[in-house]
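Note sheet for the following structure.
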Amino acid sequence: MARLDTIRALEKRGLSTQLAEKTVELGYQLGTLKKCPLKKLEKDFYYKEILQLIDVSKNNSIDRDDIVDKALKEGDISDGPISADQALRRVEKKLGVIWSLPEGYTIDGVLKQISRKGQVLLGVAFPINSKQFRYPFHGYVYLKTRGICYQSVITEVVSFDRPNIPEEKELLLSAHTSEPYVTFLRIERLIEMPRTIRLEEFRKMDGTQVKSARNYTQVEDSLDLDRERLRFEEERITALKLFTDMGLSKKVSLSLFTHGIFLASQVVIATDNELRNAGVPAAKLAKFRDAAAEAAAVELQEPVTSKATVKKKKKVEKEDKPVKKINKFRKQANNLASELPGLYKEEIAIEAETNKLSKNDIEALVKTYTKLNDVENDIQGMLAKKESTLPQGVIREIAVKSIKHKLKPKQIDTVIDGGIDQYIRNKVDATEAVGVIAAQSIGEPGTQMTMRTFHYAGVAEMNVTLGLPRLIEIVDARRIPKTPIMEVFLEPKVSTSQKKALEIANLIEAQSVSQLAKISTDITNLRVLIEPDMKILKTRGLPIEELAARIKKKGRLKSKMTIEKGTIILEEDAVSFKKLYLLEDKVSHLMVDGIGNIQRAIVRKEDDEFVIFTEGSDLQAILEVEGVDPTRTNTNSIHEVAEVLGIEAARIAIANELHKTLSEQGLAVDTRHNMLVSDVMTNTGSIQAIGRHGISGAKVSVLARAAFEITSTHLLQAGLSGESDVLTGVAENIIVGQPVHLGTGAVSAIYKPKAKKGKKGGK
């Protein structure tokens, strides 16, 4: 009961049923969420989910704007399996209504009644066919002064033959306990929208726009606040920047957004009264409209002749000049490589553009690619004579190595024969159960893996998860590894210098105030003294003024801060000894330099170059550090790879991490099995775990899902949504007791004996 009460409480505060259930399953409550640190939430939730949780719990310790930024960069997340209740809602949530408050009703009164009784009954003046609705469905509250500001959850439509009063009088508003209505809407909760929604954003069931909201308007329920939340956030950030640049305060800018005005074009068409109601001062109205007109013209790509716009245009043209200079190299490369195939032409153009190659260098590059193309054509001719084919990547590899080792035609022919032989042997037969084979090939040796969790060759002080725990981390698609690490490779020009490697390591390693300065408490004067080590600050290129500014910003300190004789002094108006010691402790742990997530950076010599190994991971920030080679630097956080480099890079990273983890244990698994796992985990465009919250829970087959976990839930959900199972996979065919349509089961052998001569229809 306590679990259900907690889920109910989270739903009432605005969480979706799925997220509320997930939160409770992981052991979180409102009290724990309010004080929960970000690191802990990151391990269990996506950023889009964290955003909702901090809003619900009012967690002020987490920077909300930072989470919004990360959530916007985050790809689509998998919903995973859902409960029967959720399945019902998804299937039936096709119909919605827009309703306006009758006279005498107020939003505050409705909200008060819901908080007190848990629900409210609101009257509708004309009959509604209650059978056309499937519950629960959404209602949208329309206010004449603003628009649609609230979303309601309607659980029942109570209809009468004639105006009547329901038996549950306690659920009616006090002002309307004696007022009869034909229909009553049972509303469980009202959710305030981040901004006002205009009627035009809704469509009726016939597809036409909603132009007016009377007492009751049936609409296609296309607005899901859980899905639209991030879109609202993006609009809010855009509106704040746009309107503050036009000279309005942050408060007025936010007010405009909540009133449904977040674009410059909306300002142009809005009336003076609408803008005044949103908080725009009358004195700034004309100037604001002019600025909005110019911005709207840019927004709509219309020509503007004002002086300000002309100046802006000239500035943009100046900024575009370097781009034209870079494009010159590409143009020159395209001209010189015009006779080569398109792929080679593009590679040469990219190389020329990136490295700003001279004409002579481009010509040399064209000669190399021309020779490569000739050898490839020769190989294609040899393959045609043998009536065989090879993938283009293999052909190119043979050509490159042939040029490198100066192979003769007979030698190339021998290499081709070997390549064809390997290619045929490595091809997968049609209808082969590759998934089952891959699962067996990885799962069986995986049972023999050790449980070593912490080890790193040559670096005793660094912890790294290896063995079975690491394998589980990868296939479960954990958002943050237990021990996140990075291998930071340096550019060739600095990779051989230990001094330079140590400088970069110091630059990226996070530094707290206590590492940069001596912190003490002046009991006599009731203040905190911070005495920086000037040598360390000089080495890191950090002036004392900058250090003081970072301390104030990072710690969100309201204390009075002064700098006297190389010492930063913190003072407060009303302070006790306890507050003073708490302030000292808070300041000492503040990370003010380096990259926040990098707790430690160690330099090791690998072959002929120095490599930096980090404890902690922040790929985006590391790649921006001068001297770091972005083509080789990697992290063991696959989600971070996906966010920074894209899903294709994440696919390769998963396959590499699986191979690395297995090979470290002395287990030889064909890399194709690892590649299949990585393909399946990323083929939707986002990383999915191999489990009921990912791939297994998203299988098309109902029986396959039910065979994995929570059988009854899957079967009930499938029954509610009317799913069918065509029995194409392995598990579902085994369950029903028929041959699997893979391997030998994919072929049917039919024997039809011939009749003996001279014995037609005989014995």
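Regarding region 364-425, what are the three Cα extents along the principal axes, ordered largest first, in Å?
38, 19, 19 Å, listed from the longest principal axis down.
Evaluated at 20 °C with a viscosity of 1.002 mPa s, what Stokes-Einstein diffusion coefficient in µm²/s does region 583-670 have when Rh comes from the Kirkwood expression over alpha-carbon pairs?
Working: Rh = 15.4 Å.
After rounding, the answer is 140 µm²/s.
Measuring from label point to label point, each 7 Å out along Cα→Cβ, what is the E545 to D421 span in nm?
7.4
If you keep only loop residues by DSSP, which trypsin sites (Lys or Arg not before Pro) in region 391-437 have at most 13 other Cβ atoms within 10 Å of their Cβ? Before the final figure, lay out each step's value.
Values: sites: R396, K401, K404, K406, K410, R425, K427; in loops: K406, K427.
Hits after loop and neighbour filter: K406, K427.
What are the extents of the Cα atoms of region 487-526 along their three principal axes, in Å, largest first?
56, 18, 9
Considering region 511-593, what Rg and Dmax in Å follow from its alpha-carbon atoms?
Looking at region 511-593, its Cα Rg and Dmax stand at 11.9, 37 Å.
Just to check I understand the Karplus step: with θ = phi - 60° and J = 6.51 cos²θ - 1.76 cosθ + 1.60, what whole-Hz values come out for region 604-615, glycine and proline as x?
3J(HN,Hα) across region 604-615, in whole Hz: 10, 8, 10, 6, 9, 9, 9, 10, 9, 9, 10, 9.
Going by how many other Cβ atoms sit within 10 Å of their own, how do M591, M193 line up, fewest first? Let's see the in-between values first.
On the way: M591 17, M193 20.
Arranged by neighbour count, lowest to highest, M591, M193 become M591, M193.
Mind checking the full-extension length gain between K359 and K578? Use 0.36 nm per residue of separation minus the Cα-Cα distance, one decimal, nm. Write down the numbers at each step before the final one.
Numbers: separation 219, 0.36 × 219 = 78.84 nm, distance 7.10 nm.
Full extension from K359 to K578 adds 71.7 nm.
Taking R0 as 51 Å, what's the FRET efficiency between Q380 and A293 from their Cβ-Cβ distance, rounded to 0.05? Write down the numbers at each step before the final one.
Numbers: r = 62 Å, r/R0 = 1.21.
The computed FRET efficiency comes out at 0.25.
What number comes out for the charge environment of G729, summing +1 per Lys or Arg and -1 per Asp or Glu over other residues with Cβ under 15 Å away?
Numbers: positive: K699, R705; negative: E432, E723, D725, E732.
That sum, taken over residues with Cβ under 15 Å, equals -2.
How big is the Cα convex hull of region 699-746 in projection, averaged over all directions, in nm²?
On the way: hull surface 13.1 nm².
Its Cα hull, projected and averaged over all orientations, spans 3.3 nm².
Can you run the Rg to Rh ratio on region 2-73? Use alpha carbon positions and the Kirkwood inverse-distance Rh. Before the final figure, lay out the partial values.
Values: Rg = 11.4 Å, Rh = 12.1 Å.
Over the Cα atoms of region 2-73, Rg/Rh equals 0.94.
Would you mind giving the average projected area, over all directions, of the Cα convex hull of region 623-751 in nm² with one decimal? Display every interim value, and only then the final one.
Numbers: hull surface 49.7 nm².
In nm², the orientation-averaged hull projection of region 623-751 is 12.4.
Just name one of V267, S249, A286: the one whose Cα is farthest towards the positive end of the charge dipole of region 231-299 (beta-carbon charges, Lys/Arg +1, Asp/Glu -1).
Of V267, S249, A286, it is S249.
If I model a spin label at T238 and D629 as a point 7 Å from the Cα along the Cα→Cβ vector, what separation in nanometres do I get?
Going from the T238 label point to the D629 one covers 4.1 nm.
How far apart, in nanometres, would the label points at I437 and E42 be if each is projected 7 angstrom from Cα along the Cα-to-Cβ direction?
4.0
Bear in mind that the values in this text are calculations on the coordinates, not laboratory data. As the structure is a computational prediction, the values presented were derived from the model and not from experiment. No Cβ is skipped: glycine too gets one built from the backbone with ideal geometry, and neighbour counts run over all protein chains shown.
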